[in-house]
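Notes follow the structure.
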Amino acid sequence: MSKIRKKEWFDDDSFWEELYPFMFPEQRFADTPEQMEKVLALAKPAGKAALDLCCGPGRFSIALAQAGFKVTGVDRTKYLLDKARGKARASKTRIEWMQMDMRDFVRPDAFDLVLSMFTSFGYFDDKNEDLQVLRNIVASLKPDGVCLIDVMGKERLAKVLEPTTSDVLPNGTRLVQRHEIFDDWTRIRNEWIVIRKGEAKSFKFHHTIYSGQELRDRMELAGFVDVKLYGNLAGDEYGPNAPRLIAVARKPGAPKAGKHRTNKRRPLGKNQE
Ligand SMILES: C[S@@+](CC[C@H](N)C(=O)[O-])C[C@H]1O[C@@H](n2cnc3c(N)ncnc32)[C@H](O)[C@@H]1O
């Protein structure tokens, strides 16, 4: 059952609906199978049960299903899940879709792989809720299961951030983006202004930006081990020139038989009798 919470920017369905053509152009879907191969090469999941957390229109869910995974796609936005359902039907893939908030979704010990792709992490005004999401992921992974998170890193933003950029899309629409860092260099506030046929519409959103070390610390705090950072899905080094911050981490394995401390008494030494 969903908790009652204060509304935040991502709760506005029209945000996802109106920005869909800019966020999810067809080329992005076309590029996904190749990205999927890289994801699997980096994460190396041991089994075939996968969760695509914040799956949106299902790009990675469908690519995972096509790679032979049993997939659950979770997202809060009905409009995007409907797109995902349509695309899954067209590609004849079977996926379990769930409309749910990432703060609420937990399925204990169920998945070999959990993905959070294309900056779907860091959304909450209360940063402890990001930590809750990581804890949910740990709980939902099987022992030794692996999680891959893909965001833009703070190191990169510090180097390339321009307060305003402007692009014209192939259909003639102009997209003006304004960015501002706030909250002691921990968050970014964005405004996207879409200018179509002389009419301008503005969309505002903000999220936490993590440095490599901050994301690693959070993941370790949530219970992950073996956190590795990469600068792209090809597995290149992370740093200020890296286009993405990719974190790959594991849930600790189940304790191995024989590695438990037992209550068996060791034979006493001569002088200890
Ligand atoms: C930038 S999109 C990424 C979609 C997808 N991961 C991809 O790579 O195409 C972010 C997604 O997060 C979802 N989302 C935002 N806030 C959420 C929340 N609190 N719980 C679950 N999903 C959320 C949005 O609906 C959207 O689909």
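The values are calculated or read from the model by the stated rules, or taken from the named source; none is laboratory data. These numbers come from a predicted model, not from an experiment. Using ideal geometry, Cβ is built from the backbone for each residue, glycine included, and neighbour counts are taken over all protein chains shown.
Scanning segment 22-34 for residues that are polar (S, T, N, Q) and within 9 Å of the ligand (Cβ to nearest atom) yields a total of 1. Applying the criterion of being hydroxyl-bearing (S, T, Y) and surrounded by 17 or more Cβ atoms within 10 Å (Cβ to Cβ) to the residues of segment 89-116, the residue that is farthest from E8 (Cα to Cα) is T93.
Here is a check on your reading of the model: is E162 out of contact with any Leu (no Cβ under 9 Å at 6 or more places or on another chain) and surrounded by 14 or more Cβ atoms within 10 Å (Cβ to Cβ)? So E162 does not fit the description; no. Inspect all residues belonging to segment 127-149 and state whether any of them is of a type in the set (D, E), within 20 Å of W16 (Cα to Cα) and in contact (Cβ under 8 Å) with a residue 24 or more places away in the chain. No, because not a single residue in segment 127-149 is of a type in the set (D, E), within 20 Å of W16 (Cα to Cα) and in contact (Cβ under 8 Å) with a residue 24 or more places away in the chain. Whenever a residue of segment 100-111 is closer than 15 Å to L81 by Cβ, its partners that are part of a loop (DSSP other than H, G, I, E, B) and at pLDDT 95 or above, lying with C-beta atoms within less than 7 angstrom and at least six residues away or across chains, give the pairs M100/R76; D101/R76; M102/C54. Selection of segment 153-188 for residues being in a loop (DSSP other than H, G, I, E, B), farther than 22 Å from N128 by Cα and touching a Phe, Trp or Tyr at 6+ places or on another chain (Cβ under 9 Å) yields L169, T173. Restricting L64, L19, L51, L40 to residues that are within 11 Å of the ligand (Cβ to nearest atom), touching a residue at least 12 places away in the same chain (Cβ under 8 Å) and in contact with a strand residue (DSSP E or B) (Cβ under 9 Å, 6 or more places away or on another chain) narrows the list to L19.
If the condition is being of a type in the set (A, V, I, L, M, F, W, C) and in a loop (DSSP other than H, G, I, E, B), then segment 45-69 contributes A46, C54, C55, A67, F69.
Results for (1) at positive phi; (2) surrounded by fewer than 16 Cβ atoms within 10 Å (Cβ to Cβ); (3) more than 23 Å from the chain's Cα centre (by Cα), shown as yes or no for each residue.
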site: G153; (1), (2), (3): no, no, no
site: R187; (1), (2), (3): no, no, no
site: E191; (1), (2), (3): no, yes, no
site: V194; (1), (2), (3): no, no, yes
site: K197; (1), (2), (3): yes, yes, yes
site: K204; (1), (2), (3): no, yes, no
site: R216; (1), (2), (3): no, no, no
site: M219; (1), (2), (3): no, no, no
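Residues that are of a type outside the set (K, R) and in contact (Cβ under 8 Å) with a residue 40 or more places away in the chain within segment 67-99 comprise F69, T77, Y79, L80, W97, listed in sequence order.
Conditions (1) among the basic types (K, R); (2) assigned to a loop (DSSP other than H, G, I, E, B); (3) within 12 Å of the ligand (Cβ to nearest atom), marked per residue:
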| site | (1), (2), (3) |
| --- | --- |
| V71 | no, no, no |
| Y79 | no, no, yes |
| G86 | no, no, no |
| R89 | yes, no, no |
| K92 | yes, yes, no |
| R103 | yes, yes, yes |
| D109 | no, yes, no |
| D112 | no, no, no |
| L115 | no, no, yes |
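Kindly indicate whether E34 is surrounded by fewer than 23 Cβ atoms within 10 Å (Cβ to Cβ), under 21 Å from I246 (Cα atoms) and without any contact (Cβ under 8 Å) to a residue 24 or more places away in the chain. When the stated conditions are applied, E34 passes them.
Across segment 195-249, the number of residues qualifying as assigned to a loop (DSSP other than H, G, I, E, B) and not basic (K, R) comes to 19. Among the residues examined, G58 qualifies as surrounded by 23 or more Cβ atoms within 10 Å (Cβ to Cβ) and not basic (K, R).
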